[in-house]
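The values are calculated or read from the model by the stated rules, or taken from the named source; none is laboratory data. Computed from a predicted structure; not experimentally measured. Cβ placement follows ideal geometry from the backbone for every residue including glycine, while neighbour counts extend to all protein chains displayed. Please note that ligands, DNA and RNA were not included when accessible areas were found on the heavy atoms of the full protein model with its side chains. Shrake-Rupley method; radii C 1.70, N 1.55, O 1.52, S 1.80 Å.
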Amino acid sequence: MAQGAFVGTPTLSARLGHPFSRLQIAARQGRSGRSTLAARRCRGTIMSAADQSVAHTVGWTAVAKKIDPFWMAPEYETGPYRSSRPWEIETQRLFGHKEPALTFYRDTFFWCPYCEKVQLQLELKQIPYKIVKINMNCYGSKPAEFLRKVRNGLLPAVEMNGEVFVESTDIMYLIENRFASHHPLLPPKTDRQRSGDVDRMMKLERNLAGSWLNLLRGGGMLSALGRRAIQQDLDEVNETLGLYSDGPFFLGGNEPSLVDVQYCSFLERIAASVPYFQGLEVVGTGRWRHIEAWFEGMDSVPAYRHLKGDAYTHVRALPPQIGRCPIVESAKPFVDRVESAPLKQVLLFTDENRADRHEAAAAICRNYAAVTRDAMKGAQISADDVAFERLFDAALQCAAVALVDGPEAARATYQQSAPAFAASGRLDNLAAALAYEARRVCTPRDMSVAAAPLFQGALNFVRAELGAARAS
Ligand SMILES: N[C@@H](CCC(=O)N[C@@H](CS)C(=O)NCC(=O)O)C(=O)O
């Protein structure tokens with residue numbers, strides 16, 4: 001895709017919604033409509049003729065059985081708290097409690113940095129909450145009921161005992177106060193030094209965010225000024241992180257505090273977007289080594305790993321939210337790196353990444369019908385082309401098998417469909433549709449940042465098989 005094509009346009013899925021999320025909801029609600037068949041299949045009760053047809057595929061019911069039930073199980077809404085599963089993060093989180101203590105309104109696509117902070121706080125404190133997803137203006141409309149509660153429509157918002165609260169920083173302090181016994185994220189008042197540092201650190205994050213937004217939006221001369229400003233702010237943040245040497249976090253130690261929660265979403269977006277738009281590397285240069293250590297520390301926090309987004313998602317999601325972000329000439333290597341990543345991923349199949357592989361496979365298995373529809377649209381194939389739909393479905397099954405059983409099993413699965421693929425004369429179309437889907441994943445909306453490269457690797461594995469078939 002040409003660089004200019006996505007700048008300022010919601011290319012990921014902003015206009016359409018995304019296949020993963022939409023079908024997931026339909027499956028959950030058992031709603032009638034286009035996705036009903038897929039929803040019923042997700043529950044393993046139906047296996048249509050299409051499952052068995054053209055390509056003699058294993059069938060989605062059989063694929064679903066291979067996946068760890070943890071990733072497919074429907075009892076997530078009522079069942080006991082077991083872990084952070086991404087789609088659980090979209091509904092309600094009870095942490096063993098009977099009722100949610102509050103309702104958290106966040107953006108549907110998981111793009112909003114302020115929502116990420118508040119949700120990370122709720123997760124770290126394990127406060128039982130219900131989640132209501134509201135569209136951002138850049139990709140949808142907001143329900144009147146929400147606008148009655150929050151006049152300016154800004155996210156996030158929290159509703160507690162009939163009262164609605166807005167402004168992420170205010171919400172976070174309110175939650176800290178109201179749920180003081182739930183794993184405090186602020187130092188005790190008796191720790192004067194740390195307590196005294198919190199306010200300055202929190203404000204510094206706001207300065208950094210301001211410099212960053214100016215930088216991304218500015219061009220020409222503004223760019224040079226903006227680069228100097230953000231470098232100075234990053235120097236200050238880095239120095240601040242060096243204050244407490246007993247751990248990677250702002251207030252030291254081995255667990256994040258509210259200060260880390262405040263920084264997580266903007267530092268994440270800065271590290272992704274400043275190289276991409278401004279050619280200025282943030283992580284990996286050694287200049288801001290405390291920030292690099294902080295990222296490592298944050299990556300060891302499971303709740304954060306499930307809520308963070310990847311660079312590919314951020315650079316696409318930012319222009320629709322904040323307007324045109326010019327790309328400077330020197331950024332080209334970074335643009336190339338980010339843009340080529342989805343089609344370069346290889347499927348790593350190890351015992352260590354089993355959970356991530358199963359998460360990716362489950363995302364395919366729960367949503368294959370919508371993914372197929374979306375891929376066909378992306379590859380400009382008519383929605384009525386049933387023959388192609390079946391071929392793509394077979395290719396998608398190979399990808400899911402590759403994720404759970406590995407490349408050898410996937411190759412055997414591929415071989416079952418190979419004659420149908422070859423006879424169809426549609427190898428190029430299939431490869432194009434798979435490539436399109438590899439570029440569609442939005443993290444953490446569709447799956448976690450750990451699962452997404454594996455999903456892409458599995459699609460690329462099937463693309464490579466198709467490529468080999470074409471060459472032979
Ligand atoms: N100062 C507010 C800022 C909130 C904000 O700007 N939210 C954006 C999303 S990142 C929003 O809801 N914009 C309206 C929209 O996009 O629909 C806070 O900290 O909560």
Query - Matching entry among 247, 253 (being surrounded by fewer than 20 Cβ atoms within 10 Å (Cβ to Cβ), outside the structural domain of residue 454 (by TED's automatic domain parsing) and without any contact (Cβ under 8 Å) to a residue 40 or more places away in the chain) - result: 253
Query raised in the report: Restricting the search to the range 427-472, which residues are part of a loop (DSSP other than H, G, I, E, B), closer than 11 Å to residue 347 by Cα and out of contact with any Lys or Arg (no Cβ under 8 Å at 6 or more places or on another chain)?
Result: none
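Out of the residues in the range 344-365 that are in a helix (DSSP H, G or I) and open to solvent by 10 Å² or more (accessible area, probe 1.4 Å), which is nearest to residue 279 (Cα to Cα)?
344
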Requested in this report: For the range 170-188, indicate whether the set of residues that are open to solvent by 40 Å² or more (accessible area, probe 1.4 Å), within 16 Å of the ligand (Cβ to nearest atom), modelled with pLDDT of 95 or more and of a type outside the set (Phe, Trp, Tyr) is non-empty.
Outcome: yes
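Looking only at residues in the range 422-451 that are of a type in the set (A, V, I, L, M, F, W, C), farther than 24 Å from residue 353 by Cα and modelled with pLDDT of 95 or more, which one is surrounded by the most Cβ atoms within 10 Å (Cβ to Cβ)?
433
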Query raised in the report: Filtering the range 303-343 down to residues that are at pLDDT 95 or above, of a type in the set (D, E, K, R) and part of a helix (DSSP H, G or I), which residue is nearest to residue 278 (Cα to Cα)?
Result: 332
